[in-house]
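The values are calculated or read from the model by the stated rules, or taken from the named source; none is laboratory data. What you see is a predicted model, and the numbers here were worked out from it, not measured in a lab. Here Cβ is always computed from backbone atoms with ideal geometry, including for glycine, and neighbour counts include all displayed protein chains. For accessibility, only protein heavy atoms count, side chains too; no ligands or nucleic acids. Shrake-Rupley method; radii C 1.70, N 1.55, O 1.52, S 1.80 Å.
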Amino acid sequence: MFKKLKPLKDLLWAAGIGVALMCLLVGLVAANFTSYYGDRARPVMDLRSGRTEKETSEAAADDSGSTSTGLKADGTLHPLAETSKAKKAYLKKLTILCDSSFVALRGSELNSAAVWSSETGVLPMDSVSDWKILYPADSSLISPSNAALDAKPKILVIAVGSDASAGMKKKSFTKNYTALVNNLAKANPEAKIVCLSLCSVTESYEGSDGMTAETAAKINSWIQAVCIDTGAYYGDLSEALCKDGYLLDEYADSSGRALNSEGLKALLNYLQKHDVTNQ
């Protein structure tokens with residue numbers, strides 16, 4: 001019986017070998033007419049995987065060589081000139097980065113501009129790189145440059161310089177302020193940037209921070225120097241809020257160095273009458 005099955009077994013082996021040879025032949029032909037380019041994407045370790053998207057964008061904005069800015073410095077100061085009409089609608093176009101002297105703008109019914117400041121309203125000039133503002137869009141705490149990168153404001157008004165600055169030297173103040181302006185400009189190159197002068201302090205002010213009218217005037221000259229170096233516009237609040245260098249009492253809150261509601265009205269009136277889009 002086994003002898004009778006032997007021819008069938010040999011036939012099956014022969015058929016199997018034939019099929020295998022045919023597959024090998026097809027593979028060789030296919031290899032001659034196709035090319036292998038290797039992996040199109042090489043696997044790499046993402047060292048930034050633990051960072052948020054906003055943190056990554058902040059690092060990019062802080063890199064001085066990474067992005068060009070829309071500011072154009074020409075060696076001269078560009079003070080805001082008074083424009084013919086004061087339009088309230090203009091305020092809606094503004095985003096104001098402010099310290100404790102101006103933070104009453106946040107939440108004020110008088111104001112329609114967006115306001116950026118820290119949770120406490122204090123933005124110390126001796127630690128600008130550590131600033132975190134309460135971002136209105138989602139109540140997160142992010143750097144001003146990240147906020148500018150996300151919000152892309154058309155007009156950015158910088159109203160800082162009063163906090164922790166009275167004892168600073170010109171070199172460190174201008175370095176910090178210049179970095180602030182440049183990082184905001186890099187994050188949002190299309191924005192027009194206006195740097196406002198300090199609102200000074202009242203004549204009777206005797207705060208522990210050491211700010212005086214003379215010191216405020218000195219710091220204002222430093223801000224002007226930053227504007228010349230960066231190309232930002234300069235907004236001089238002295239005529240709108242001060243007399244003989246001092247903040248007018250009727251515009252000051254109980255601290256003597258920050259604006260009350262009447263002071264806010266005077267500030268907003270100044271901004272309306274000095275439309276940067278018409279400069």
*Net +/- balance of residues flanking Asp99 in space, Cβ distance below 15 Å, scoring K and R +1, D and E -1*: -3
*asked:* Which order do the peptides 217-226, 181-190, 125-134 come out in when sorted by mean C-beta neighbours inside 10 angstrom, highest first?
replied: 181-190, 217-226, 125-134
*Going by the alpha-carbon gyration tensor, a ≥ b ≥ c the square roots of its eigenvalues, is the stretch 200-272 rounded (a/c under 1.5) or, if a/c is not under 1.5, prolate (a/b greater than b/c) versus oblate?*
oblate
*Within the set Lys92/Lys218; Lys92/Lys175; Lys87/Lys243; Lys72/Lys93; Lys93/Lys170, which residue pairs have Cα atoms separated by over 29 Å?*
Lys92/Lys218; Lys92/Lys175; Lys93/Lys170
*Compare Asp229, Asp236 by solvent-accessible area with a 1.4 Å probe and give them largest first, with all protein chains kept in place.*
Asp229, Asp236
*About the Cα centre of the stretch 160-279, how large is the charge dipole given +1 on each Lys and Arg Cβ and -1 on each Asp and Glu Cβ? Please answer in debye to the nearest 20.*
620
_Per 0.36 nm of contour for each residue apart, how much would the distance between Leu141 and Ser127 grow if the chain were fully extended, relative to their Cα-Cα spacing?_
3.4 nm
*asked:* If you take every DSSP beta bridge fully contained in the stretch 68-162, what fraction is antiparallel? Give it as a percent rounded to 5.
replied: 25
*Enter the Cα centre distance for the pair the stretch 114-150 and the stretch 193-249, rounded to the nearest angstrom.*
21
*Using the scaling law 2.2 N^0.38 Å as the reference, what is the normalised Cα Rg of the stretch 63-174?*
1.16
